[in-house]
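What follows is calculated from the coordinates using simple rules that are stated; it is not laboratory data. Source: prediction; values computed, not measured. Cβ sites come from the backbone with ideal geometry, for glycine too, and all protein chains shown count toward neighbours.
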Amino acid sequence: MKKYTIATLGSHSALQILKGAKDEGFETLLITTSDRESLYQRFPFIDEIIIIKNFQEFPSLEKKLLKKNCIIIPHGSFVAYLGLEGNKKIHIPYFGNKNVLDWESNRMKQHQWLEEALINVPEQYHNLNEVEFPVILKLYGATGGKGYLYVKDRKDLKKSIQQLTKKNEKFIIQKYIIGVPMYLQFFYSPLNNEVELIGIDRRYETNVDSIGRLPLTHQRGLTIEPSFVVVGNGPLMLRESMLPEAYSMAEKTVAASKKLIDKKGLYGPFCLETIITPDQKFYVIEISTRIVAGTFLFQHGSPYTWLMYDEHMSMGRRIAREIKLAIKQQKLDVVTD
Amino acid sequence: MKKYTIATLGSHSALQILKGAKDEGFETLLITTSDRESLYQRFPFIDEIIIIKNFQEFPSLEKKLLKKNCIIIPHGSFVAYLGLEGNKKIHIPYFGNKNVLDWESNRMKQHQWLEEALINVPEQYHNLNEVEFPVILKLYGATGGKGYLYVKDRKDLKKSIQQLTKKNEKFIIQKYIIGVPMYLQFFYSPLNNEVELIGIDRRYETNVDSIGRLPLTHQRGLTIEPSFVVVGNGPLMLRESMLPEAYSMAEKTVAASKKLIDKKGLYGPFCLETIITPDQKFYVIEISTRIVAGTFLFQHGSPYTWLMYDEHMSMGRRIAREIKLAIKQQKLDVVTD
Amino acid sequence: MKKYTIATLGSHSALQILKGAKDEGFETLLITTSDRESLYQRFPFIDEIIIIKNFQEFPSLEKKLLKKNCIIIPHGSFVAYLGLEGNKKIHIPYFGNKNVLDWESNRMKQHQWLEEALINVPEQYHNLNEVEFPVILKLYGATGGKGYLYVKDRKDLKKSIQQLTKKNEKFIIQKYIIGVPMYLQFFYSPLNNEVELIGIDRRYETNVDSIGRLPLTHQRGLTIEPSFVVVGNGPLMLRESMLPEAYSMAEKTVAASKKLIDKKGLYGPFCLETIITPDQKFYVIEISTRIVAGTFLFQHGSPYTWLMYDEHMSMGRRIAREIKLAIKQQKLDVVTD
């Protein structure tokens, strides 16, 4: 695998991706900005670091990367920094189906996808008169938990809508489901047509994951606006009797993508972000069609990967393993775009 | 160990049990319903899957399982699906003392057991006039956190009792302890007469583990009934200075079982489910006399098992290891019933 | 390494420290009280246990320990049981800079240190008229989360100050930051002049980590005084884009210690205890200049150590590894005091 270089941008899940690539025998390359160089220099599994002024400069490196026989592994920062169109214009082999990006980034299309897959989702309201409270307003471009607004009643809603409309922000109105969050991390292999559950986490969100530490009597007089900014993650496991439903949701998501998006559909890592209610029902509140940050918790394997692999298997390594298999089977085009 | 087959029902902790059995060299067999077949087929460490219409059909398989030299590892679903009597009628070697089941399933007997062991428990009220609020009403047959009722005052209590009495439900009234939950997973080996701490978790309960994410001002106007349905678990560790007390409680639990139940008493996996108050006192709110689901978190070992074993040691594997040792020492009867 | 013995007191992080020492090839010795003997006897990696009546008797063992070629690894219980002066009087090689203890234990000096390092800290109030609520009162000698007082308004503050003054208690008034707690565990090697992130946890505090499980309507009528007593820890990870800031804070802490304290400054394990606000800003609320209990979560490695080491690397083992390297390089004086 020494002839191939796994490359990614220095952010989000880069450490895990390049560690996994090195474990599978690839050369590794990181492209990052100078303020992050000192972080990535600490890790000897990164063979080369290219510094750019800002991530938008990435396209200028294309020729260089093509020469190095690079394969790009995208993560959450790719769309954030390069934009949808920027991703589509990458001419280097790219692990993932770029057509899926349109469906992930558009909240209406994402909703349509999940409904096509017959997956349970929180109600979305189009008619303001139908709204049952509480609800969450989600901006179209919300990432990392920023741009979520909790709204408890009609008065609040009107005020929020007015403000968002003024700023020309697009948003959806989603029923707020009272239940516990659980994020299911999957990998779908187009080579063997199987879905694997790699790990489960929950986001660690500031400030909502701290306000419960103040009792009622001590919250009085404080006005705490709940915010959902993700700064970390913690590990979880799922009740075994609910695993069949978890796998089934994942398989239906993949199948629907092949129908709606294109023949290849969704492949590689993805995450179903769910809320589970007391009747043990999953509500999928969002789907991420790429490696999610919380997979890093299982950098040395999760309870789920240790059922399947007798070695440290992270999501980053699983990706590299898939590429390695594809190369060996001369099917690199099956796993890249 | 190839001559022996470790068998269990397809639910609860089956994955961990059979993975551990395979790691120790046993043949493995799963009995499950068709809706779960696709889940268990994913895992190559399961050598054989037998499909039954429903779990109640299990006894009809006895002859077949005896021929295969099976040893049954029970888990939470055994009592749930086969009932107390159903478990007792199993004629296949069964890892665990069936007499213990009567004591686990009867909340009054469980209370007696813990008191005999001089373990700190929340007060139980028999006289309604003595009740100090808040309290939890626990139905006799409550499992997986269903059938717990939080009651905050006398008015609430009367209403709840009326409703439960109408339905002919038996229940206990237990003081609600304000403190953090911690579940201590132990294994007691009858072969070497030692208790091992295998791992520590907390349950992840819907909806109570999510309501703290709403500040006071946003809960106003909502009526949220707290529920305690377990959908997963998360890992924890315990302050080292509290470990002596944790082991002591476990050893007293085992010792009391030998006195109260029978000579063999409790053996194999069990769990002390505790609440810890700010004075660093444990309150044992329940005891599970079998493998608990949360042990799956440590499928690849916990901080505690890695102190004792230089290999991946899960609770499932620890069970298989005990059986293997028993077979080698020709003491299978010591660890089965 | 068989000629050297790693020794510590039986409490806090002793298990991890001695397991790590054994993994690196050292002899291991534990000094503890008789009530804890049964705990530590369970673990075969402890070669010898010396029982003392109480921890204050420790100095009487000095000659014996010197003969055994002991190196002492201090942890949180050393200051708690032996006091500052007791630690300074230890004549056995001691892993850590004793001059740092004065700076850790004095809250005003700790504040000065962090400000010198240009690290973001919650405001501390010296003038009562400037106080912005809520605040936390922290007693000078507070350990394990005891001695923290949440104060929501001026009336509360006056009452609390009166009570503390009566008891002659020293305390600081710190702004209560609303955000999520995250504890960053670092190791600074004086041999290679590098900081390593070893793991991340959060404390599990009773009762504050349970009160969110009661909805508003059920807290009404209860008076719950929030307390912050640490009884355990849970694992976390940090968003990758915030890692550069985390390492930078750690490096600035070390650099400032060399400037303020002495030439050696802070070395070995330390922990930055932070609160992260919705603008993704760290507030360091405290610094621990020694191994913290939460490192035990990663007794078999953390996602962070597995990026750097292809073996189980705990904080305890990292310490032993540093001592081993120092011995090999004949630089034991560089890592002991």
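Exposure proxy shown here: for C:211, A:172, the number of other Cβ atoms within 10 Å sets the order, fewest to most, as A:172, C:211. Angle of helix A:107-116 to the longest C-alpha principal axis of chain A, folded into 0 to 90 degrees and rounded to 10: 90°. Here residue C:138 is the anchor, and the aspartates and glutamates within straight C-alpha reach of less than 15 Å, apart from those fewer than 8 places off in the same chain, are C:104, C:123, C:156, C:169, C:273, C:286. In order along the range B:20-32, the Karplus-derived 3J(HN,Hα) couplings, from 6.51 cos²θ - 1.76 cosθ + 1.60 at θ = phi - 60°, round to x, 5, 5, 4, 8, x, 7, 6, 10, 9, 10, 10, 8 Hz, and Gly and Pro are given as x.
Based on a Kirkwood Rh over C-alpha pairs, give the Stokes-Einstein translational diffusion coefficient of the protein assembly as shown at 10 °C and viscosity 1.306 mPa s in µm²/s. Let's see the in-between values first.
Numbers: Rh = 30.0 Å.
Stokes-Einstein gives a translational diffusion coefficient of 53 µm²/s.
The relative contact order of chain A, computed from alpha carbon pairs under 8 Å that lie at least 6 residues apart in sequence, is 21 percent. The magnitude of the dipole of the range C:159-208, with charges of +1 and -1 set on the Cβ of Lys/Arg and Asp/Glu and taken from the Cα centre, is near 560 debye. Ignoring lysines fewer than eight residues from residue C:324 along the same chain, the ones with Cα atoms less than 17 angstrom from its Cα are C:2, C:3, C:19, C:22, C:68. Label-to-label distances for residue A:88 across copies, nearest first, come out at 7.0, 7.0 nm, using points 7 Å from Cα in the beta-carbon direction. As a proxy for reagent exposure, ranking B:45, B:296, A:187, B:58 by other Cβ atoms within 10 Å from fewest up yields B:45, B:58, A:187, B:296. Please name which of B:81, B:38, B:12 has its Cα lying farthest along the dipole of the range B:5-94 towards the positive end, using unit charges on Cβ (Lys, Arg +1; Asp, Glu -1) and the Cα centre as origin. Toward the positive end, the furthest listed residue is B:81.
If you count, for every residue in C:146-154, the Cβ atoms of partner chains within 10 Å of its Cβ, what is the mean?
Counting other chains' Cβ atoms within 10 Å and averaging over C:146-154 gives 2.
Principal semi-axes of the equivalent ellipsoid, √(5λ) from the alpha carbon gyration tensor of chain B, are 34, 23, 21 Å from largest down.
Pop out the Kirkwood hydrodynamic radius of the range B:124-175 from its pairwise C-alpha distances, inverse of mean 1/r, in Å to one decimal.
Taking the inverse mean of 1/r over all distinct Cα pairs, the range B:124-175 comes out at 11.0 Å.
Distance from the Cα centroid of the range A:286-337 to that of the range B:141-190 is 43 Å (rounded to whole angstrom). Across the identical copies, the label point of residue A:242 (7 Å from Cα in the Cβ direction) is separated from its matches by 2.5, 2.5 nm, in order from shortest.
By counting other Cβ atoms within 10 Å of each Cβ, how are A:13, A:38 ranked from fewest to most?
Ascending Cβ contact count within 10 Å gives the list A:38, A:13.
Taking the label point 7 Å along Cα→Cβ, residue B:51 and its counterparts in the other copies are spaced 6.2, 6.2 nm apart, in ascending order.
Ordering C:131, C:151, C:168 by Cα displacement along the dipole of the range C:124-175 toward the positive end leaves C:168 in first place; charges were set at the Cβ atoms of Lys, Arg (+1) and Asp, Glu (-1).
With helices as the sole contributors, the protein assembly as shown gives -9500 deg cm²/dmol at 222 nm; each DSSP H run of n ≥ 4 counts as -39500 (n - 2.57), and the sum is divided by every residue.
Taking residue B:88 as the anchor, which aspartates and glutamates have their alpha carbon closer than 12 Å to its alpha carbon, excluding any fewer than eight residues away along the same chain? List returned: B:102, B:337.
Overall, the protein assembly as shown carries a charge dipole of about 300 debye about its Cα centre when +1 sits on the Cβ of Lys and Arg and -1 on the Cβ of Asp and Glu, all other atoms neutral.
Measuring between alpha carbons in the structure, the pairs from C:175/C:252; C:98/C:170; A:89/A:167 lying more than 25 angstrom apart are A:89/A:167. Ignoring solvent entirely, what values of log10 I(q)/I(0) come out of the Debye formula for the range A:5-94 at 0.12, 0.13, 0.16 Å⁻¹ when each Cα is a single scatterer? Evaluating at q = 0.12, 0.13, 0.16 Å⁻¹ gives log10 I(q)/I(0) of -0.30, -0.36, -0.56. For helix A:315-328, report the angle its Cα long axis makes with the longest principal axis of the Cα atoms of chain A; keep it between 0 and 90° and round to the nearest 10°. For helix A:315-328, the angle is close to 40 degrees.
Summary of packing: across the peptides A:99-109, C:125-135, the per-residue average of other C-beta atoms within 10 Å ranks them, highest first, as A:99-109, C:125-135.
For the rotational copy pair A/C, the chain A residue whose Cβ lies nearest the symmetry axis, together with its distance in Å, is A:212, 1.
With Cα atoms defining each centre, the range A:58-113 and the range C:1-70 are spaced 55 Å apart in the structure. Of the residues A:111, A:72, A:183, the one whose Cα sits farthest toward the positive end of the charge dipole of chain A, with +1 on the Cβ of Lys and Arg and -1 on the Cβ of Asp and Glu, is A:72.
Computed about the Cα centre, the dipole magnitude for the range A:124-175 is approximately 220 debye when only Lys and Arg (+1) and Asp and Glu (-1) carry charge, each at its Cβ.
Computed from Cα atoms, the angle from the helix B:243-260 axis to the main principal axis of chain B rounds to 70 degrees.
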